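The values are calculated or read from the model by the stated rules, or taken from the named source; none is laboratory data. Owing to the predicted nature of the structure, the values given are computational and were not obtained by experimental measurement. Don't worry about glycine lacking a Cβ; one is built from the backbone with ideal geometry, like all the others, and counts go over all protein chains shown.
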Amino acid sequence: MELDYIMIIDTTAWLLAAIGGILIGLASVALLLFNGRIAGISGITGGMLLRPQGDTLWRTLFFGGLILGGLVLTLVYPDAFPSAGEGPARSYGALVVAGLLVGFGTRMGSGCTSGHGICGLSRFSPRSLVATGSFMFAGAVIVGVVRAAFGGVI
Amino acid sequence: MSTHTTQKESMTLQYIAALGVGLLFAIGLGVSGMTQPAKVIGFLDFFGGSWDPALAFVMGGGVLVYTIGYRLTVRRNTPVFAKKFQLPTRRDIDKRLVIGGLLFGAGWGLGGYCPGPALTSIASVSTDVFVFVTSMLSGMLLFSTVDKMLANKTSQGTVNKDKKDKKEKATSMSTATTNA
């Protein structure tokens, strides 16, 4: 019977999450302070892909910085990424659908977890509050459906 | 000799800043646990009987720093390397915002990746990540194509081609300034 509700308490993970969040916040403040820009990953990436005229070099460099940061992580903190077989059970079909939804949805809704979830909420933007509520809600519903209907494997 | 930086120098400094910020952002994502799709799914699983709240601390830490940093920063007249702050100004809630948010959330829950962590994970050389990132970038391009088609359809028959082009330009410019 699944009557018990368990909350996973892993204080090391909480601490790492908070430190990571602070670093993300500092990076976002730095982009605003130095370049006057909002650190929205989907907006920066979308702009890099879709607007070839001007304004693309800094986006491309930011994108390159993300990749480079990932490379640094693989060298000094490989635990940041799931090792083989450790990730959630997702077929390539599910990943294709998920990727299309994330790409399409973030452009349609003008932002993602960074632009709306961090920068927008901090600026008390009503649009970002609605967007964050929408993506958190839909995410929770889909995770619930995948677990209930497919046993967490899709 | 002038101590003012030239236009060219300030552009170079902006490029260096963008690269550095991207790098720090990725490190933050990796440390936080956001690049572990299983953790993301555990966090989104509010109703599953075992909830992992860890990733709430990522948003908590980020929002805390940005709430303070944002307010201190915009007290300045201009950014350090750029001429002006470029901040979103829209406050209206429209269908696009909500539907876009719902579609993104569905994909986030299905794959366990949002855009930043997905791009950061490219370096981990995983087929899952390649499949997801390729689809995500395609989804972004797909939206812009659909968006243009819809804009064309709305204006067809009522305006001549010249006006239509102008309208397209105006639409793409207005979306450019409002992206978060």
Inset, instruction - Specify the residue that is farthest from the other protein chains (Cβ to nearest Cβ); the eligible residues are those in the stretch A:104-147 that are free of Cβ contacts under 8 Å to residues at least 12 places away in the same chain and outside any helix (DSSP H, G or I). - result: A:124
Legend entry - Every residue from the stretch A:87-103 that is at the interface with another protein chain (Cβ under 7 Å from one of its Cβ atoms) and over 25 Å from residue B:99 (Cα atoms): A:87, A:88
Inset, instruction - Go through B:60, B:20, B:30, B:48 for me and flag whichever is among the small types (Gly, Ala, Ser), under 14 Å from residue A:27 (Cβ atoms) and surrounded by fewer than 22 Cβ atoms within 10 Å (Cβ to Cβ). - result: B:20
Inset, instruction - Say whether the condition of being over 19 Å from the mean Cα position of the chain (by Cα), of a type in the set (Gly, Ala, Ser) and surrounded by fewer than 18 Cβ atoms within 10 Å (Cβ to Cβ) is met by at least one residue in the stretch A:38-58. - result: yes
Inset, instruction - Consider only pairs whose beta carbons are under 8 Å apart and that are at least six residues apart or on different chains; among these, list those whose first residue lies in the stretch B:96-124 and is more than 7 Å from every other protein chain (Cβ to nearest Cβ) and crowded, with 24+ Cβ neighbours inside 10 Å and whose second residue is in a loop (DSSP other than H, G, I, E, B) and at pLDDT 95 or above. - result: B:117/B:34; B:117/B:35
Legend entry - Set B:75, B:71: member being more than 7 Å from chain A (Cβ to nearest Cβ), outside any loop (DSSP other than H, G, I, E, B), more than 21 Å from residue B:119 (Cβ to Cβ) and out of contact with any Asp or Glu (no Cβ under 8 Å at 6 or more places or on another chain): B:71
Inset, instruction - For the stretch B:20-38, enumerate the residues that are without any contact (Cβ under 8 Å) to a residue 60 or more places away in the chain, closer than 25 Å to residue A:85 by Cα and in a helix (DSSP H, G or I). - result: B:27, B:28, B:31, B:32
Inset, instruction - Inspect the stretch A:64-79 for any residue being surrounded by 24 or more Cβ atoms within 10 Å (Cβ to Cβ) and touching a residue at least 60 places away in the same chain (Cβ under 8 Å) and give the result as yes or no. - result: no
